[in-house]
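See structure below.
The values are calculated or read from the model by the stated rules, or taken from the named source; none is laboratory data. All of these numbers come straight from a predicted model, not from anything done at the bench. A quick note on method: Cβ atoms are made from the backbone with ideal geometry, for glycine too, and the neighbour counts reach across all protein chains shown.
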Amino acid sequence: MPRVKAAGLWKALWCLISVLCLGVAAYALRYFLGRSDSTHFACYIFPLRLHIAGGIGALLLGPSQFVKRIRTRNLNLHRWLGRFYLLSVALGATAGFAMAAVSLEGLPTHFGFGVLAVLWFGTGMQAYRMALAGRIANHREWMIRNFALTLAAVTLRIYLPLMLGVLHWSFRDSYIAVSWLCWVPNLLLAESLTRSRSVAALT
């Protein structure tokens, strides 16, 4: 694929992802403006809000980490945005792990969302360690993996309505499936992207 065409596709994808992140972040604000729609999660509103706050920060700051112009023209800004992004991830993942333990539909979702929280936190720590060590290529790879997990907040809100409204699955089956599908394909795609030279050159 010619470099110019690849660059155009990457920019279009980045714009789409940014819009989706902004939309999900704006939607999540409702948990701070009123009560939860779910009586179950209303009982855990404090950790839920911590998880959502971290998620909102990660969704809003994550796309900026892949803007090459920021890194080349203002590296210090890139670093500070990255620090705030990873702090948001740490908050969202820690509270998310607590929320996984009380998720609906039992053990399958406890494990699905729990593993997501652990990997989200762990990949963020690895990205930070690689940056401190000056291993920038490895840092970039771990950031791709981490942001793919951040995007679970987006893919969950795409898959769940499709399962319920289009496939007409029961809520139980849909929720169990989405607790894994919202992040496993994302992570597999991230692994593929980290091995793509064209993507590495554009990010």
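Taking the criterion of being surrounded by 21 or more Cβ atoms within 10 Å (Cβ to Cβ) and among the small types (Gly, Ala, Ser), the residues of segment 172-187 that qualify are SER174, SER179. What are the residues in segment 119-172 that are under 16 Å from ALA190 (Cβ atoms) and among the β-branched types (Val, Ile, Thr), if any? Once the filter is applied, which keeps residues that are under 16 Å from ALA190 (Cβ atoms) and among the β-branched types (Val, Ile, Thr), segment 119-172 yields THR123, ILE144, THR150, VAL154, THR155. Residues in segment 90-104 that are surrounded by fewer than 22 Cβ atoms within 10 Å (Cβ to Cβ) and either in contact with a Pro (Cβ under 7 Å, 6 or more places away or on another chain) or assigned to a helix (DSSP H, G or I) (or both): ALA90, LEU91, THR94, PHE97, ALA98, MET99, ALA100. Of the residues contained in segment 51-60, none is found to be closer than 21 Å to LEU189 by Cβ and exposed (fewer than 15 other Cβ atoms within 10 Å of the Cβ).
Kindly indicate which of TYR27, TYR31, TYR44 is out of contact with any His (no Cβ under 9 Å at 6 or more places or on another chain) and closer than 21 Å to VAL115 by Cα. So that I can check it myself, show each step before the final result.
Numbers: TYR27 fails: closer than 21 Å to VAL115 by Cα; TYR31 fails: closer than 21 Å to VAL115 by Cα.
Answer to the selection: TYR44.
Just one of the listed residues (THR123, THR94) is within 29 Å of ALA7 (Cα to Cα) and of a type outside the set (A, V, I, L, M, F, W, C), namely THR123.
Say whether the condition of being modelled with pLDDT of 95 or more, farther than 17 Å from LEU20 by Cβ and within 13 Å of the chain's Cα centre (by Cα) is met by at least one residue in segment 54-70. So far as segment 54-70 goes, yes, one or more of its residues are modelled with pLDDT of 95 or more, farther than 17 Å from LEU20 by Cβ and within 13 Å of the chain's Cα centre (by Cα).
Assess whether LEU87 counts as being surrounded by fewer than 17 Cβ atoms within 10 Å (Cβ to Cβ), at pLDDT below 95 and either in a helix (DSSP H, G or I) or over 13 Å from the mean Cα position of the chain (by Cα) (or both).
On the way: surrounded by fewer than 17 Cβ atoms within 10 Å (Cβ to Cβ): yes; at pLDDT below 95: no; either in a helix (DSSP H, G or I) or over 13 Å from the mean Cα position of the chain (by Cα) (or both): yes.
When the stated conditions are applied, LEU87 does not pass them.
So if I check each of GLY34, GLY54, which one is in contact with a Gly (Cβ under 8 Å, 6 or more places away or on another chain) and without any contact (Cβ under 8 Å) to a residue 60 or more places away in the chain?
Details: GLY34 fails: in contact with a Gly (Cβ under 8 Å, 6 or more places away or on another chain).
The conditions single out GLY54.
Cβ-Cβ distance below 9 Å, separation of 6 or more or different chains: which pairs start in segment 95-109 with a residue that is within 17 Å of ILE52 (Cβ to Cβ) and end on one that is polar (S, T, N, Q) and in a helix (DSSP H, G or I)? From residues that are within 17 Å of ILE52 (Cβ to Cβ), the pairs are ALA100/THR109; ALA100/SER179; SER103/THR109; SER103/SER179.
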